[in-house]
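The values are calculated or read from the model by the stated rules, or taken from the named source; none is laboratory data. As the structure is a prediction and not an experimental result, all values here were calculated from the model. FYI the Cβ positions are ideal-geometry reconstructions off the backbone, even for glycines, and counts take in every protein chain you see.
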Amino acid sequence: MIIFLKNNDKFEIEANSSAYDLACKLGISKNAVVAKINDRLVDLSTVLQENDTVRLITYKDQEGIEVIRHSSAHILAKAILDIDPTAKLAIGPAIENGFYYDILSEKVFSAEDLPIIEEKMRTIIKQDLKFEKSTLTKGEAIEYFRSRNQKYKIELAESISDETVGIYTIDDLSDLCRGPHVPSTKYVPLDAFRLTSVAGAYWRGNSKNDMLQRIYGAVFSTKKETDGYFKMLEEAKARDHRKLGTELELFHLDDVAPGNVFWLKNGCIVFNLLKEYITKVIKKHKYFLVQTPQLMNRSLWETSGHWEKFKENMFIVDDEDTTMAIKPMNCPGHIICYKTGAVKSYRDLPIRMAEFGLCHRNESSGSMHGLMRLRAFMQDDGHIFCSAEQIVSETIDVCSMIKEIYATFGFTEIAVKFSDRPEKRVGSDEVWDIAEKSLQEAAEAAGLTYTVNKGEGAFYGPKLEFVLKDCLGRDWQCGTLQVDFNLPERFGITYTDSDGNRKIPVMLHRALVGSLERFMGILVEHYAGKFPFWLATVQVAITSVTDEAINYAKEILRVLEASGIRAILDIENEKITYKIRRHSVSKIPAIMIVGKKEMADKTVGIRLLGTNDTKLVDFVSIVSIVKELMDAQQPKS
């Protein structure tokens, strides 16, 4: 029997051979975990057919480690049932870096229980238990799980539209699953997995359902990767923006306003500097700023499609006989701005408008996380109204802005995802075909390499997602660009072409960093609170060694403030070492030290954050020195 390997080479193998048999013949049976046959991921036990195209996936491949993570979740479920046979199993998927399993148990698991569960998992792994796949009818599966008193599995089986369902069994655990899985438990590396935490999670993400316990784990191909991951987690814990936000007095989160931010004095300084910088960039690229209302009539959201496709995420307000909604997005307001005034001509296009728009979305309480997931956030939103012929040039321009801004903050590694039509959408398939083709061609013209994010586009159009990588190697999706043929048509906006005919413009939705609050959280963690000189809340702390130098310190403060430098005065009666430590902990980039000698010599001692050296400079040079430090990191826009 002839099959084809991944490089399209022909390979002869006995009839009825499995993918595992092929792995043995190729000498990689110890490394192969699953197979890809005709582009479909399957178990190694799958029997090969004539002319199949086969690729063997090893634990070193991304798809391979994802299968190992999924299999690890099943092993976790068995370990939990070994500890508590009455536990109810919910779901256990693979996730980025690991896996989890949701359970309902009378036993309340805590971090102290994780080593015990880990040891159970190791015992299961060492037993080399096979993952055996079977197929049951939907009715048989429901009856089986009813006999095991597994109510969540019954509910899942009932929701499946197919007449048959897949079941994977390891020893005495049978679980509802499509697979594929590793051949046996020994394929999960003993020294490269670890349970990480226990959290609460509602069944099916609905707060009206049971509260479950979610046990998380991490697993990688090798112990070295796992150790590196946990080292990164420790570093991330130290950089947690919620912890640093409190220490540096940047912001406050309070139950009186869930999912909303109280920006404190220091946080406001950074937040506004961020807005000022982005404003300079967008003005350089010929955008004008608008401001649209927070509360708008239901009819607007019905026209846009948000009422049908996005209503569950919106805050609704009844005003006398009118239903209003707090805006979750800025785009319909910008269409109103476009419609206002004189009829637009092709000579006016492209029209680029931008807004730092405050948006509200009804996120569940369990999904909110510091600045990273909020109910109220400011979006650096922009909308470009252009002709179809201008899509490419405008896409190139947006991409250049995004790269410029990210590079300013030290983010040079950017991945791009192309998200096509989602299941819930407005517009015809024909319009979506045109929009997707237009965006793909524009992305290629902009020199972008992208992966496809199937079904994750906006309900009105396909989008590009820009994912930056921070100093810890973590990915953050920030900027977006969408091509929209649907909303302009729904709102009936037009322009006149060169022949005087009315045409519908294309609408490009773009965000450069996305939510400013979230980007602030990313920056706090990326810099570990040590903002660049130009962005620091306080740039210089002036400290006096003796009381005799207080007036000299005050004179320095006046000079710096007159030059627009953010400085504070520390003339407390304390040891200079205490003062230096205090301002270093506060992440102030530069500390100036003055005593009797400096006052007599008209000099100033300067110590930069992260160094132990104090450099003496002339008083007349302090402004130029600070400006040099600022200019070295200052954005050039």
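Scanning segment 295-307 for residues that are under 16 Å from Glu355 (Cβ atoms) and in contact with a strand residue (DSSP E or B) (Cβ under 6 Å, 6 or more places away or on another chain) yields a total of 1. Note on segment 203-213: among residues that are touching a Gly at 6+ places or on another chain (Cβ under 9 Å) and surrounded by 18 or more Cβ atoms within 10 Å (Cβ to Cβ), the one that is farthest from Ala111 (Cα to Cα) is Leu212. Among the residues of segment 486-505, is there at least one that is under 26 Å from the mean Cα position of the chain (by Cα), under 18 Å from Ile384 (Cβ atoms) and of a type outside the set (A, V, I, L, M, F, W, C)? Scanning segment 486-505 turns up no residue that is under 26 Å from the mean Cα position of the chain (by Cα), under 18 Å from Ile384 (Cβ atoms) and of a type outside the set (A, V, I, L, M, F, W, C). Checking Phe230, Phe262, Phe220, Phe271 one by one, the residue that is in contact (Cβ under 8 Å) with a residue 24 or more places away in the chain, of a type in the set (Phe, Trp, Tyr) and either closer than 28 Å to Val538 by Cβ or assigned by TED's automatic domain parsing to the domain that holds Ile336 (or both) is Phe271 and no other.
For segment 237-256, taking the residues that are surrounded by fewer than 14 Cβ atoms within 10 Å (Cβ to Cβ) and free of Cβ contacts under 8 Å to residues at least 60 places away in the same chain, the one that is farthest from Leu358 (Cα to Cα) is identified as Lys237. For segment 94-130, the candidate set comprises residues that are more than 17 Å from Leu81 (Cα to Cα) and part of a loop (DSSP other than H, G, I, E, B); within that set, the residue that is modelled with the lowest pLDDT is Glu96. Scoring Val431 on the criteria (1) touching a strand residue (DSSP E or B) at 6+ places or on another chain (Cβ under 8 Å); (2) at pLDDT below 95; (3) part of a helix (DSSP H, G or I) leaves a single failure, condition (1). Cys177 fulfils the conditions (1) within 22 Å of Ile154 (Cβ to Cβ); (2) surrounded by fewer than 21 Cβ atoms within 10 Å (Cβ to Cβ); (3) not hydroxyl-bearing (Ser, Thr, Tyr) except for a single criterion, (2).
Every condition in (1) surrounded by 13 or more Cβ atoms within 10 Å (Cβ to Cβ); (2) in contact with a Phe, Trp or Tyr (Cβ under 9 Å, 6 or more places away or on another chain) holds for Met296 except the one numbered (2). Consider only pairs whose beta carbons are under 7 Å apart and that are at least six residues apart or on different chains; among these, list those whose first residue lies in segment 551-571 and is buried (at least 20 other Cβ atoms within 10 Å of the Cβ) and whose second residue is part of a helix (DSSP H, G or I) and of a type in the set (Asp, Glu). Here the result reads Ala567/Glu561, each pair linking segment 551-571 to a residue that is part of a helix (DSSP H, G or I) and of a type in the set (Asp, Glu). Taking the criterion of being touching a residue at least 24 places away in the same chain (Cβ under 8 Å) and over 19 Å from Ile2 (Cα atoms), the residues of segment 13-35 that qualify are Ile28, Asn31, Ala32, Val33, Val34. Sub-6 Å Cβ pairs linking a first residue in segment 395-419 that is farther than 24 Å from Ala435 by Cα to a second residue that is of a type outside the set (A, V, I, L, M, F, W, C), at least 6 apart or interchain, are Thr408/Pro635; Glu413/Lys469, ordered by first then second residue.
The residues of segment 60-81 that are at pLDDT below 95 and either assigned to a loop (DSSP other than H, G, I, E, B) or under 18 Å from Tyr100 (Cβ atoms) (or both), listed by number, are Lys60, Asp61.
Each row is one residue, and each column tells you yes or no for (1) closer than 25 Å to Asp631 by Cα; (2) hydrophobic (A, V, I, L, M, F, W, C); (3) part of a helix (DSSP H, G or I).
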site	(1), (2), (3)
Asp499	no, no, no
Leu508	no, yes, no
Val513	yes, yes, no
Phe519	yes, yes, yes
Leu523	yes, yes, yes
Phe531	yes, yes, no
Thr543	yes, no, no
Glu548	no, no, yes
Ala553	yes, yes, yes
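Taking the stated definitions as given, is Ala415 outside any helix (DSSP H, G or I), out of contact with any Ser or Thr (no Cβ under 6 Å at 6 or more places or on another chain) and either in the same structural domain as Ser207 (by TED's automatic domain parsing) or small (Gly, Ala, Ser) (or both)? Spelling it out, Ala415 is indeed outside any helix (DSSP H, G or I), out of contact with any Ser or Thr (no Cβ under 6 Å at 6 or more places or on another chain) and either in the same structural domain as Ser207 (by TED's automatic domain parsing) or small (Gly, Ala, Ser) (or both). Can you find even one residue in segment 39-59 that is at pLDDT below 95, on the phi > 0 side of the Ramachandran plot and either aromatic (Phe, Trp, Tyr) or within 32 Å of the chain's Cα centre (by Cα) (or both)? Scanning segment 39-59, I find at least one residue that is at pLDDT below 95, on the phi > 0 side of the Ramachandran plot and either aromatic (Phe, Trp, Tyr) or within 32 Å of the chain's Cα centre (by Cα) (or both), so the answer is yes. As a summary of the residue check, Thr53 satisfies the conditions (1) touching a Phe, Trp or Tyr at 6+ places or on another chain (Cβ under 7 Å); (2) surrounded by 19 or more Cβ atoms within 10 Å (Cβ to Cβ); (3) not basic (Lys, Arg) except for the one numbered (2).
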